[in-house]
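**Student:** Attaching a single structure in structure tokens format; questions to follow.
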Amino acid sequence: MSDGCGAPEQTATPSSTDTQGQVVVAGKVSTADGPLGGAYVRLLNSDGEFVGEVQASPEGDFRFYAASGEWTVRALHASGSGEASVRTDGAGLYEVPVTVG
Amino acid sequence: MSRENVLVTTQWAEENLNTPGVVFVEVDEDTTAYDGGHIPGAVRIDWKNELQDPVRRDFVDKAGFEKLLSEKGISNDDLVILYGGNNNWFAAYAYWYFTLYGHKNVRLLDGGRKKWELDGRELTTEVPQRPQTSYVAQEQDTTYRAFRDEVIDAINSKNLVDVRSPDEFTGKLNAPAHLPQESSQRSGHIPSAINVPWAKAANEDGTFKSAEELKELYEEAGLDTSKDTIAYCRIGERSSHTWFALRELIGLENVKNYDGSWTEYGSLVGVPIETGEQ
């Protein structure tokens with residue numbers, strides 16, 4: 001069990017990752033110029049309600065452990081914001097690129 | 001309770017970075033954030049290693065709190081501005097500790113580290129050196145702290161506010177969506193609790209909503225302001241955020257934070273648990 005509740009340091013999630021039965025929503029935040037580090041990435045459920053937030057790694061990587069359903073991933077940064085949607089259906093890795101601009 | 005007495009804006013903070021008697025303190029569970037860059041002049045408090053008891057499940061005692069603040073160079077008369085990541089969860093947790101130990105002059109930076117970064121304000125890796133003080137804390141005041149028996153007695157009699165996400169409340173998830181899911185506790189919520197996720201008290205940029213918006217939010221969710229209130233989450237830090245909103249922003253009198261929260265309650269033998277929506 002994790003002692004705390006804070007978001008862990010974010011790392012890349014390779015496509016070959018074994019999600020060990022979990023629904024993993026992961027991806028990279030970028031701009032037209034390439035990966036964008038340090039954005040605040042929020043996971044919203046199908047009602048648009050906040051579910052979780054992490055800060056993307058310096059390379060723009062983020063990862064959530066969700067459940068089956070419709071999700072929106074929204075990224076906030078001093079340079080702007082952006083979002084993308086994903087539908088998850090059972091365990092596995094769902095890759096969601098998010099463009100900020 | 002006036003917002004200005006408990007919160008400062010990022011603009012105010014930037015204008016007061018060098019004001020004597022004002023100490024900025026970054027509080028986080030993940031302390032690598034501070035190393036990567038922090039508000040100029042801010043000292044760091046490590047929530048896990050400095051504010052928690054290393055053996056028992058409890059937080060630092062009075063002597064430990066005094067030693068910690070003395071080493072950090074914080075005086076009893078200082079105005080302490082707390083901020084951190086995760087929308088100020090751990091800073092709000094620390095605010096609650098400061099309140100329990102009787103520090104008079106403590107405020108949160110509205111929006112915390114996120115707002116500061118989204119504003120594009122300066123961060124530094126320079127670590128300040130503050131001379132040691134002789135901090136004296138008050139005995140812990142448990143007016144704002146709920147323990148498990150009191151929580152069980154509060155079922156159907158006091159307001160219980162579960163501030164976790166709807167999926168944690170209904171039992172669909174056991175932990176926030178940024179953490180691997182665990183199975184060491186039963187899932188669900190304390191019977192009669194209302195579910196108002198902590199994030200509803202905050203704007204997207206991490207700042208707190210206005211007292212009027214907050215009052216409407218909790219009343220619409222079924223909070224009876226004539227009754228005492230206990231807030232809980234999973235380990236007590238998200239509920240510190242809500243405790244702050246209820247007690248310090250709305251100004252409700254009898255609001256407690258249950259720091260045992262779901263990791264304690266969900267592991268107790270024989271207590272009632274509800275699943276599904278309220």
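**Student:** Select from the range A:70-101 the residues that are part of a strand (DSSP E or B), within 14 Å of chain B (Cβ to nearest Cβ) and either surrounded by fewer than 16 Cβ atoms within 10 Å (Cβ to Cβ) or in contact with a Cys (Cβ under 7 Å, 6 or more places away or on another chain) (or both) and list them in ascending order.
**Tutor:** A:GLU70, A:GLY80
Matching residues to (1) over 25 Å from B:THR32 (Cα atoms); (2) not small (Gly, Ala, Ser):
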| residue | (1), (2) |
| --- | --- |
| A:SER46 | yes, no |
| A:ALA56 | no, no |
| A:GLU59 | no, yes |
| A:ARG63 | no, yes |
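**Student:** If a residue must be more than 18 Å from the chain's Cα centre (by Cα), in a helix (DSSP H, G or I) and of a type in the set (Lys, Arg), how many such residues does the range B:23-73 contain?
**Tutor:** Counting residues in the range B:23-73 that are more than 18 Å from the chain's Cα centre (by Cα), in a helix (DSSP H, G or I) and of a type in the set (Lys, Arg) gives 3.
**Student:** Also: Condition first: at the interface with chain A (Cβ under 9 Å from one of its Cβ atoms), touching a residue at least 40 places away in the same chain (Cβ under 8 Å) and touching an Asp or Glu at 6+ places or on another chain (Cβ under 8 Å). Now tell me which residues in the range B:168-196 satisfy that.
**Tutor:** Within the range B:168-196, B:ALA175, B:PRO176 qualify.
**Student:** Looking only at the range A:7-28, count every residue that is facing chain B (nearest Cβ under 10 Å), part of a loop (DSSP other than H, G, I, E, B) and within 12 Å of the chain's Cα centre (by Cα) and tell me the total.
**Tutor:** Within the range A:7-28, residues that are facing chain B (nearest Cβ under 10 Å), part of a loop (DSSP other than H, G, I, E, B) and within 12 Å of the chain's Cα centre (by Cα) number 2.
**Student:** Same structure, new question: On the given criteria, is B:TRP47 touching a Phe, Trp or Tyr at 6+ places or on another chain (Cβ under 8 Å) and within 17 Å of B:ALA137 (Cα to Cα)?
**Tutor:** So B:TRP47 does not fit the description; no.
**Student:** At least 1 residues that are surrounded by fewer than 16 Cβ atoms within 10 Å (Cβ to Cβ) and among the acidic types (Asp, Glu) in each: list the helices (runs of 4 or more DSSP H) lying fully within the range B:88-207 that qualify.
**Tutor:** The helices (runs of 4 or more DSSP H) meeting that bar are B:148-153.
Here is a yes/no grid of residues against (1) without any contact (Cβ under 8 Å) to a residue 24 or more places away in the chain; (2) among the small types (Gly, Ala, Ser); (3) touching a Pro at 6+ places or on another chain (Cβ under 6 Å):
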residue	(1), (2), (3)
A:VAL29	no, no, no
A:VAL51	yes, no, no
A:GLY69	no, yes, no
A:SER79	no, yes, no
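**Student:** Residues of the range B:143-175 being within 30 Å of B:GLU71 (Cα to Cα) and touching a helix residue (DSSP H, G or I) at 6+ places or on another chain (Cβ under 7 Å), which ones?
**Tutor:** B:TYR144, B:ARG145, listed by residue number.
**Student:** So for the range A:29-43 (the condition being assigned to a strand (DSSP E or B), buried (at least 19 other Cβ atoms within 10 Å of the Cβ), more than 12 Å from chain B (Cβ to nearest Cβ) and among the polar types (S, T, N, Q)), does at least one residue qualify?
**Tutor:** yes
**Student:** Looking at the range A:44-64, which of the residues that are more than 9 Å from chain B (Cβ to nearest Cβ) and assigned to a strand (DSSP E or B) is modelled with the lowest pLDDT?
**Tutor:** Among them, the one singled out is A:LEU44.
The values are calculated or read from the model by the stated rules, or taken from the named source; none is laboratory data. This is a predicted model, so every value here is computed, not measured. In this analysis, Cβ positions are derived from the backbone assuming ideal geometry, glycine residues included, and neighbour counts consider all displayed protein chains.
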